[in-house]
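All remarks here apply to the structure that follows.
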Amino acid sequence: MKILVAVKRVIDYNVQIRVKEDNTGVVTENVKMSTNPPDDNAIEEAVKIKEAGKATEVIAVSVGEEKAQETVRKALAVGADRGILVKADGVLEPLAVSKLLQKIVEKEKPDLVFMGKQAIDDDCNQTGQMLSALLNWPQATFASKIEVKDKLLEVTREIDEGLETIEINVPAIVTCDLRLNEPRYASLPNIMKAKKKPIEQINASDLGVDTSPRIEQTKVEEPPKRKAGIKVSSVAELVQKLKNEAKVI
Amino acid sequence: MSVLLIAEHNNKELKPFTLNAATAVSQIDKDVHAVIIGQNCGDAAKALSELPLIKKVIQVEAPYYENFVAENFSPVVVKLAENYSHIACSANTFGKNLMPRIAAALDTSQISDITKVISADTFLRPIYAGNAFATVKSKDPKKCITIRPTSFDPCESSGGSAPIEKAEPSGEFGQTKFIKREEIKSDRPELGTARVVVSGGRGMQSGDNFKLITSLADKLNAAIGASRAAVDAGYISNDHQVGQTGKVVVPDLYIAVGISGAIQHLAGMKESKVIVAINKDGEAPIFSVADYGLEADLFEALPQFLEELNKLNTIQK
């Protein structure tokens, strides 16, 4: 079984986001970039499945600018066998990314495609489901447990009401939740080894997909600031304030 | 053209957020139709028809719709979509799972999690865990939208009498099989709609200690929330998680106990009307959004909190 894992390069989750003064977007210059956190879970799961002898190859793919190569390289350092970078500049909406990934799937013919359930930059939560629709494959979103059973997967999904279990036939798409596993850190020898693993570069423009944006982002603003609060010195004072000032109890 | 709202329900009743989503879509266009897909969902369809904002209900039933499998739902909506300018549903796990599948089939770039309708093609939505808000304008002929339910008030739930039309089911997808759903039943208010939420974080130190949160929540008739750290540590189940990848809550009162306040958690609660933080670390970021901060050991503060509440006899139920 062959597993393709899509990884996205995003602003690191610890970075305090700043909106540009001209309101055209957020500041990305000189800001630490990392792999989208649930994409790390996706890679980890694929590598674990391979280590358990249930997969033969793990391929990491990223769509984005040249520097997204670092994100692919990181996936190679934690166990992916080879990488693919689909080079594309500018704004890429999930629909465009899923169409590009569809082309890669048609070329590589994986049995499974894994990715994070949501990117922490645009918070869209779309790409996996869109790819699944384009391929007409089953989808298991928000996965917190995956069991590989021959030609099908049993997946536990985190839903608002609790947990749901479904079975999906391979080939299939799985989008991963942060609770799926504990991603490993890359060891220094593995980082060195990853430098020798191949990354194929493909230009998005060569894949015959129209990636031009369908959504115009006209303005990006700071969220409304909350009024500064106060510190209370005791529980009694807190309860009095909640009752008499805020009037919420 | 009209707007099509995909109703969220459990085959017996409408899910409450369908009412919030109805408010949002009525701001796009007054001609709101709603589709309800399920099995033996007549009562829920009737409830939907009674929302005064809804002008027509389309009911689609088949045994394979009983468990809301997106692969089965999507073709139904895609077929109906030709008559509508907008397709919308709530941005909860139901809508997040389903809508992109519909959008891709319609070759539309979806707009997720809108918090405001600016015009029929322009919307406001949070990005970067709510650390920025983007105004976005769709250029697609058909719009696919998911709605952040807590950003819109629920609509009236009675007084309407929209006609209910039955539509033919589309076929079954067949590659996806529902096995089971483990719902955590509780008599408490639902986290998403509760007036008061009491949340615990890593500072609770164990699942057992969460009973302190439970007692306070009981007293305040509150829902129980949690930070991702508390869920990851196994103190409490995932359906309680508040944050960027959990639930977004906007209660009148949010009490954060032993929660440091990572931006991913703040994303899920910082629109609450009144925020209380109880934390022994005075530098914890949660205090930056709290209206009332109490720097204290939660194991002392929570029992005192209960005691003080017991002294008040006027607690609103």
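In table form, for the structure just shown:
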quantity	calculated
Gaussian network model of chain A, Cα within-10 Å springs - most flexible of A:ALA236, A:ALA186, A:ALA55	A:ALA236
Shielding by partners - mean other protein chain Cβ count within 10 Å, residues of B:132-141	6
Restricting region A:143-223 to trypsin sites (Lys or Arg not before Pro) in coil, as DSSP defines it, with at most 16 other Cβ within 10 Å	A:LYS151, A:ARG184, A:LYS195, A:LYS196
Cα coordinate range in region A:25-79, projected on the principal axes (Å, largest first)	44, 19, 16
Positive-end extreme of charge dipole, the protein assembly as shown - chosen from B:VAL249, A:GLN69, B:VAL77 (charges on Cβ)	A:GLN69
Cleavage-rule hits (trypsin sites (Lys or Arg not before Pro)) in region B:6-75: DSSP loop, at most 14 neighbouring Cβ within 10 angstrom	B:LYS12, B:LYS30
In region B:155-213, trypsin sites (Lys or Arg not before Pro) in a DSSP loop with at most 11 other beta-carbon atoms within 10 Å	B:LYS185
Cα-derived Rg to Rh of the protein assembly as shown, Kirkwood definition	0.96
nm² value of the averaged projected area, convex hull over the Cα atoms of region B:196-311	6.1
Nearest-0.05 FRET efficiency for B:GLN39 and A:GLN16, computed from C-beta distance (R0 60 Å)	0.80
Efficiency of FRET from Cβ geometry, A:LYS219 and A:GLU65, R₀ 25 Å, rounded to 0.05	0.60
Sequence-distant residues sharing a close amide H with B:ILE147 (under 5 Å, placed H)	B:CYS89, B:SER90, B:ALA91, B:ASP113, B:ILE114
Pair B:SER215, A:GLU147: separation of 7 Å Cα→Cβ label points (nm)	3.9
Percent antiparallel among DSSP beta bridges (both partners in the protein assembly as shown, rounded to 5)	35
Cross-link pairs A:LYS8/A:LYS50; B:LYS15/B:LYS219; A:LYS50/B:LYS270; A:LYS109/B:LYS166 - those with Cα-Cα distance over 31 Å	A:LYS50/B:LYS270; A:LYS109/B:LYS166
Environment charge of B:GLN175, counting only residues whose C-beta is closer than 10 Å and scoring Lys/Arg +1, Asp/Glu -1	-2
Per-residue Cβ neighbour rank within 10 angstrom, fewest leading, B:SER158, B:SER237, B:SER170	B:SER158, B:SER237, B:SER170
Residue among B:VAL249, B:VAL35, B:VAL274 with the largest mean-square fluctuation in a Gaussian network model of chain B, springs linking Cα atoms under 10 Å	B:VAL274
Area projected by the alpha carbon convex hull of region A:135-207, averaged over all directions, nm²	7.9
Long pairs among A:LYS32/A:LYS107; B:LYS56/B:LYS180; A:LYS99/B:LYS247; A:LYS87/A:LYS225; A:LYS74/A:LYS99, criterion Cα-Cα beyond 27 Å	A:LYS32/A:LYS107; B:LYS56/B:LYS180; A:LYS99/B:LYS247; A:LYS87/A:LYS225
Karplus-derived 3J(HN,Hα), 6.51/-1.76/1.60, for each residue of region B:5-10, Hz, glycine and proline x	9, 8, 6, 9, 7, 10
Normalised alpha carbon radius of gyration of chain B [divisor 2.2 N^0.38 Å]	1.06
Percent of beta bridges antiparallel (DSSP, chain A, rounded to nearest 5)	40
Under 9 Å, Cβ to Cβ, from A:MET130 - net charge with Lys/Arg +1 and Asp/Glu -1	+2
Likely footprinting exposure, B:MET99, B:MET1, B:MET204, fewest C-beta neighbours within 10 Å first	B:MET1, B:MET204, B:MET99
Local electrostatic count, B:PHE94, Cβ distance below 10 Å [Lys/Arg +1, Asp/Glu -1]	-1
Exercise: per-residue mean of other protein chain Cβ atoms within 10 Å, B:109-115	5
Ranked list, fewest to most other Cβ atoms within 10 Å of each Cβ, for B:HIS240, B:HIS9	B:HIS9, B:HIS240
Kirkwood hydrodynamic radius over Cα pairs of region B:2-167, then Stokes diffusion coefficient at 4 °C and 1.567 mPa s, in µm²/s	84
Shielding of A:137-145 by partner chains, average beta-carbon count, 10 Å	4
Percent of beta bridges antiparallel (DSSP, chain B, rounded to nearest 5)	15
Equivalent ellipsoid semi-axes, region A:167-230, via Cα gyration tensor eigenvalues times 5, rooted, Å	35, 27, 20
For region A:1-48 and region B:65-115, distance of Cα centres in Å	26
Candidate aspartates and glutamates - alpha carbon under 12 Å from B:LYS273, same-chain residues fewer than 8 apart omitted	B:ASP252, B:ASP291
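Read-outs throughout are calculated quantities, based only on the coordinates presented, and are distinct from any laboratory measurement. A quick note: this is a predicted structure, and the numbers were derived from the prediction, not measured. With ideal geometry, Cβ positions are generated from the backbone for all residues, glycine too; neighbour counts draw on all protein chains shown.
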